[in-house]
1. For residue 282, state whether it is of a type in the set (Gly, Ala, Ser), within 23 Å of residue 113 (Cβ to Cβ) and at pLDDT 90 or above.
2. Looking at residue 121 and the list (1) assigned to a loop (DSSP other than H, G, I, E, B); (2) out of contact with any Asp or Glu (no Cβ under 7 Å at 6 or more places or on another chain); (3) touching a residue at least 12 places away in the same chain (Cβ under 8 Å), which single condition is not satisfied?
3. Take the residues of segment 125-135 that are of a type outside the set (A, V, I, L, M) and at pLDDT 95 or above: which is nearest to residue 243 (Cα to Cα)?
4. Surrounded by 14 or more Cβ atoms within 10 Å (Cβ to Cβ), within 24 Å of the chain's Cα centre (by Cα) and at pLDDT below 90 - does that describe any residue in segment 294-301?
5. Examine segment 247-268 for a residue that is loosely packed, with under 15 Cβ neighbours inside 10 Å, free of Cβ contacts under 8 Å to residues at least 24 places away in the same chain, under 23 Å from residue 328 (Cβ atoms) and of a type outside the set (Val, Ile, Thr), and state whether such a residue exists.
6. Considering only segment 280-293, state which residues are surrounded by fewer than 18 Cβ atoms within 10 Å (Cβ to Cβ) and not charged (D, E, K, R).
7. Is at least one residue of segment 132-154 at positive phi and either crowded, with 21+ Cβ neighbours inside 10 Å or not aliphatic (A, V, I, L, M) (or both)?
8. From 147, 178, which residue is in a helix (DSSP H, G or I), basic (Lys, Arg) and modelled with pLDDT of 95 or more?
Amino acid sequence: MKPILRHLFRKCPGLCLLGFMVLVLGEVWIRLPATADDIQYAFDEEIGHRYAPNQVAYPRALGAFALEVPPIVIDGEGYRNGPVDWNRPIILALGSSEVVGPSVSDEEIWTARLTRRLRRGSGDDPIVYNAGIGGYGPFHSSVVLQRFIEKHEKPVLVIVRVAIGDRSFLPFTPEQLREEKSKKKKRDAIKKYTLFLPFLYNKATLQLDSVKSVLSVYLPGGRLKQPGNRMANASERMWKQNKEYWFKIAALCKKMGIPVLFFVHNPLGAPEDRALFNTFAAHFQNKRCDFVWMLDDAPFGLQGDLNERRSTFAAKYTLGYDPHANSFQHQVIADEMFKYLKTAHIPLNGNLTCA
């Protein structure tokens, strides 16, 4: 053991010099005009964080060093949209990063695709407005909806993406909000001196989370947990923790005469997503203003057991360096959503009566 320690001690100056050179070169690289800006966040006193408005950014934290990540345009409201004609009917899409689509170009995200599918060539064609933000859960979506209605004309439809992966995105306590605000100030202070170290930290954190996710499926004895065991009761827990916010969304929409569509995304045919859909259907379906729809596995053409479907889905519908989605998945979502809106006869003219 001692010879190894002596060897490492002798190598220490060289390793330190190498590390210092890497940091210097990284700092130069990240400050070059040709290096794309990472997405910038602003602190929010109520919900913790939001995208800083009016930016064109490359969410590098979700991509790898050598892989291209398309830019995303954040508008003056702080959401992923280009210029909006507010005189046209607005369909408001709420959700987390699955709605934002950080790995997909502005033209290929499902909200943009659905806007084009709904285009009839008249002046009253609706616009699907993407109001999703990464890390947002049902509570955050209820706040976004309230703020949107207070600022703009009411939307003609609200689409709420229900993703069981968002079950941990809960509201902050006052203490947590103060902590988040303090962290934001510290990050901003650090960025005055270095941009590369925060970038490395974000990359390392994401990699660590990925490693933990992989290792979490193993029990201490080395036995592999079954997916059903890992996700057991996930839908029930998510419903209990978040139902008040979904009911708040539905009540606000009913009060304003706005139809609301709860959209459960289940391309794998996973039982926990189907269970969550069934719970939603029991509470909201067949109401005058409330609609519940699940995009199941059929349009994706996946077959076999759950593990086989997961493997095929990962290879065909997601990006290797970003599990959110590729443009193909967004195309399927937009096409199937368009079909559903037609068959469900959801009015998009703003004249719904919810009495």
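The values are calculated or read from the model by the stated rules, or taken from the named source; none is laboratory data. Predicted, not measured: the structure shown is a model, and the values here were computed from it. As a convention, Cβ positions derive from the backbone with ideal geometry for all residues, glycine included, and neighbour counts pool all protein chains shown.
1. So residue 282 fails the test.
2. For residue 121, the failing item is (3).
3. 132
4. no
5. No, every residue in segment 247-268 fails to be loosely packed, with under 15 Cβ neighbours inside 10 Å, free of Cβ contacts under 8 Å to residues at least 24 places away in the same chain, under 23 Å from residue 328 (Cβ atoms) and of a type outside the set (Val, Ile, Thr).
6. 281, 282, 283, 285, 286
7. Looking through segment 132-154, at least one residue is at positive phi and either crowded, with 21+ Cβ neighbours inside 10 Å or not aliphatic (A, V, I, L, M) (or both).
8. None of the others qualify; the one that does is 147.
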